[in-house]
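Here the structure comes first, spelled out in structure tokens, and everything after it is commentary.
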Amino acid sequence: MLKKKLTLSALATLFAIGALNLLAPTLATAQSTSEADEDYISYDRIVDDLQSESKRQTRATNRMRSKVSNLGPDPFENVWIHAGVGFAQTTANIDLPSGGSVHMAARGIQAAIGIDILGPNLAAEGTVRNFGETEDSASKVQLKEFDLKIFAKHREGRFGVRGGAGLSARYMTAKTPTDVFEVTTPASVLQLGGDLYITKSISVGLDLSARTAMISETFDRTSYDGTIRLDTHF
């Protein structure tokens, strides 16, 4: 009887071991499937989070663009840069410290560059002018100028007018048979001019200007000049 119980117990143990061996692959497959399901859900959540973040950024960008558009047109949209050259004629009466008087009438060249300020109707311009040496029976005179001016401008079709004022630094050398006089003179400038636009980016113009010394310790008092200029606009 004891033998029969032992035999049954052994058979039950063997049956249990066999059943576990048969069920082990199934359990492992179920576990891996569960883990895969968990990984798949986690991936979907990541994708959803990224999409939500992208939508939030898009909404923020649209709000910013809307705010910028409500500010009005860009003030720099119509800003132009100007550059050109010119031929200048200047005249002045010079009273030298030695007591002599010299009349200067000189021709020179000009290089200019300017830029519109917050729109097409106001511009700043800097110029460099170099006049050749003038000579008469009693003297020789050389002159160089550096100008900085502000202009108000108006254009109708192919024609434009401008007027402005600024500052000038004038470097003059006057030579007589016995003396050499050099002076640097800060001066104020008043200028009027007009332009004819040959194309949208090229114009020719005429400027008339007067320069007055801002200091008294100089023999370079006043001068008047006219300039024919060729400008590009870009």
Test of understanding: what is the full-extension gain from V128 to I228, defined as 0.36 nm times their sequence separation minus their Cα-Cα distance? 34.6 nm
With every protein chain present, what accessible area does R158 have (1.4 Å probe, heavy atoms only), rounded to the nearest 10 Å²? 130
At 0.36 nm per residue, and after removing the present C-alpha to C-alpha distance, how many nm does the segment from E217 to E156 gain when stretched out fully? 17.6 nm
In the neighbourhood of P186 defined by beta carbon distances under 12 Å, the net charge of the other residues (Lys, Arg +1; Asp, Glu -1) is -2
Note: L208 to I113 extended length (0.36 nm per residue) minus current alpha-carbon separation gives 32.4 nm
Around G166 (Cβ within 9 Å, Cβ-to-Cβ, excluding G166; K/R +1, D/E -1) the net charge comes to -1
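The values are calculated or read from the model by the stated rules, or taken from the named source; none is laboratory data. What you are looking at is a predicted structure, and each value in this text was computed from that prediction instead of being measured. Using ideal geometry, Cβ is built from the backbone for each residue, glycine included, and neighbour counts are taken over all protein chains shown. Ligands, DNA and RNA are stripped out before the accessible areas are found, and what is left, the full protein with its side chains, is counted by its heavy atoms. Shrake-Rupley method; radii C 1.70, N 1.55, O 1.52, S 1.80 Å.
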